[in-house]
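I have placed the structure first, in the form of structure tokens, so that the comments after it can refer back to it.
The values are calculated or read from the model by the stated rules, or taken from the named source; none is laboratory data. Keep in mind that this is a model prediction, so the values were computed, not measured. Here the Cβ is made from the backbone with ideal geometry for all residues, glycine too, and neighbour counts use every protein chain on show. These area figures cover heavy atoms from the full protein model, side chains too; ligands, DNA and RNA do not enter into them. Shrake-Rupley method; radii C 1.70, N 1.55, O 1.52, S 1.80 Å.
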Amino acid sequence: MTEVIAINTDKIHHINRSYWDTRGNEFLGAIVLPLYGAFVSEAKYRLFGDVSGTKVLEIGCGNGQSLQYQGERQAAEIWGIDLSAQQIEKARQHLAERGISARLICSPMEEECGIPTEYFDYVYSIYAIGWTTDLEGTFSRIASYLKKDGIFIFSWSHPIHRCVIEENGKFVFGKSYFDESWCAVAPEFVHGELTLSDRKMSAYINALAKAGFAIEQMVEETDEEIMRLQGEDSDLAQRAKMFPVTFVIKARKL
């Protein structure tokens with residue numbers, strides 16, 4: 001059973017911040033570049049290409065491993081924002097140990113937090129954008145951070161994946177695709193409390209358009225080579241053979 005929660009931004013931030021401050025990465029782990037999520041990689045799709053000499057900002061930077069990836073590829077400036085103070089501290093330590101300089105900000109992605117506008121060549125988010133309580137507002141802020149023709153890349157759990165459950169050896173819909181209510185994530189899936197909204201794909205596409213982005217590429221295919229390397233018999237792999245579990249969008253600021 002999942003508990004439907006009325007939208008209360010402060011409450012949702014508190015619940016999710018507490019999880020990432022205390023239990024973050026223990027169960028969910030860290031999905032970091034060069035992976036965009038389950039069975040989707042930068043190595044295959046090259047959505048970033050060459051980032052050397054560019055200014056990059058990560059939304060939901062977590063423990064800093066994706067920022068490390070950009071630093072090692074010679075990005076000129078590296079910025080990160082995260083809701084969790086503990087994740088920011090992990091990122092700070094992780095990057096400092098590797099000699100990588102970054103500007104890190106602890107703040108919800110929806111709020112004004114001093115990030116410069118019309119400044120970045122790339123803004124990206126690896127499995128973090130879905131935590132926002134205001135998708136249109138967040139995309140609008142991200143557009144403001146980017147230079148004209150700047151690139152926004154983000155990945156998240158595919159909406160279909162979140163709707164499907166296994167029942168008697170078959171995959172069936174366990175909830176309506178159109179249900180976007182905020183719900184407490186079932187405790188059997190995470191150790192602790194988390195709150196999410198399962199948005200429709202159209203919600204992301206329409207919010208991008210409203211914020212002034214043009215979509216250049218969308219990826220929802222499963223990379224079979226990664227699946228073979230990670231083991232084709234896992235529950236997630238079996239799902240990924242039947243329907244997308246991750247999606248990635250690359251958009252350009254007009």
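Checking each residue in segment 240-254 for being part of a loop (DSSP other than H, G, I, E, B) and within 18 Å of the chain's Cα centre (by Cα) picks out Pro244, Val245. Find the residue count for segment 54-67, including only residues that are β-branched (Val, Ile, Thr) and either crowded, with 23+ Cβ neighbours inside 10 Å or closer than 9 Å to Val32 by Cβ (or both). Summing the residues that are β-branched (Val, Ile, Thr) and either crowded, with 23+ Cβ neighbours inside 10 Å or closer than 9 Å to Val32 by Cβ (or both) in segment 54-67 gives 2. Would you confirm whether any residue within segment 4-16 is modelled with pLDDT under 95, touching a Cys at 6+ places or on another chain (Cβ under 8 Å) and open to solvent by 20 Å² or more (accessible area, probe 1.4 Å)? Yes; the residues of segment 4-16 include at least one that is modelled with pLDDT under 95, touching a Cys at 6+ places or on another chain (Cβ under 8 Å) and open to solvent by 20 Å² or more (accessible area, probe 1.4 Å).
Per-residue answers, yes or no, for (1) of a type in the set (Gly, Ala, Ser); (2) over 24 Å from Phe247 (Cβ atoms):
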| residue | (1), (2) |
| --- | --- |
| Ile59 | no, no |
| Gln65 | no, no |
| Trp79 | no, yes |
| Ala91 | yes, yes |
| Pro108 | no, no |
| Glu118 | no, yes |
| Asp121 | no, no |
| Thr132 | no, no |
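When segment 240-254 is limited to residues that are open to solvent by 70 Å² or more (accessible area, probe 1.4 Å) and touching a residue at least 40 places away in the same chain (Cβ under 8 Å), the one that is farthest from Gly49 (Cα to Cα) turns out to be Met242. Please go through segment 42-77 and pick out each residue that is more than 15 Å from Ile151 (Cα to Cα) and of a type in the set (A, V, I, L, M, F, W, C). Once the filter is applied, which keeps residues that are more than 15 Å from Ile151 (Cα to Cα) and of a type in the set (A, V, I, L, M, F, W, C), segment 42-77 yields Ala43, Cys61, Leu67, Ala76. Being in contact with a Leu (Cβ under 7 Å, 6 or more places away or on another chain) and at pLDDT 80 or above is a property that Lys253 has. Taking segment 66-87 as the range and being within 24 Å of Asn16 (Cβ to Cβ) and either modelled with pLDDT under 95 or assigned to a loop (DSSP other than H, G, I, E, B) (or both) as the test, the residues that pass are Leu83, Ser84, Ala85, Gln86, Gln87.
Being more than 28 Å from Phe139 (Cβ to Cβ) and modelled with pLDDT of 85 or more is a description that does not apply to Ile205.
Of the set (1) at pLDDT below 95; (2) in a helix (DSSP H, G or I); (3) surrounded by fewer than 19 Cβ atoms within 10 Å (Cβ to Cβ), all apply to Ala237 but (3).
The residue that is modelled with the highest pLDDT, among those in segment 113-153 that are assigned to a loop (DSSP other than H, G, I, E, B), open to solvent by less than 50 Å² (accessible area, probe 1.4 Å) and more than 16 Å from Cys61 (Cα to Cα), is Pro116. Is it the case that some residue within segment 214-232 is surrounded by 13 or more Cβ atoms within 10 Å (Cβ to Cβ), touching a strand residue (DSSP E or B) at 6+ places or on another chain (Cβ under 6 Å) and closer than 12 Å to His161 by Cβ? Checking segment 214-232: at least one residue is surrounded by 13 or more Cβ atoms within 10 Å (Cβ to Cβ), touching a strand residue (DSSP E or B) at 6+ places or on another chain (Cβ under 6 Å) and closer than 12 Å to His161 by Cβ. Checked against (1) surrounded by 20 or more Cβ atoms within 10 Å (Cβ to Cβ); (2) more than 16 Å from the chain's Cα centre (by Cα); (3) assigned to a helix (DSSP H, G or I), Val51 meets all criteria but (3). Here segment 198-213 is the region considered, the condition is being surrounded by 14 or more Cβ atoms within 10 Å (Cβ to Cβ) and in contact (Cβ under 8 Å) with a residue 60 or more places away in the chain, and the residue that is farthest from the chain's Cα centre (by Cα) is Gly212.
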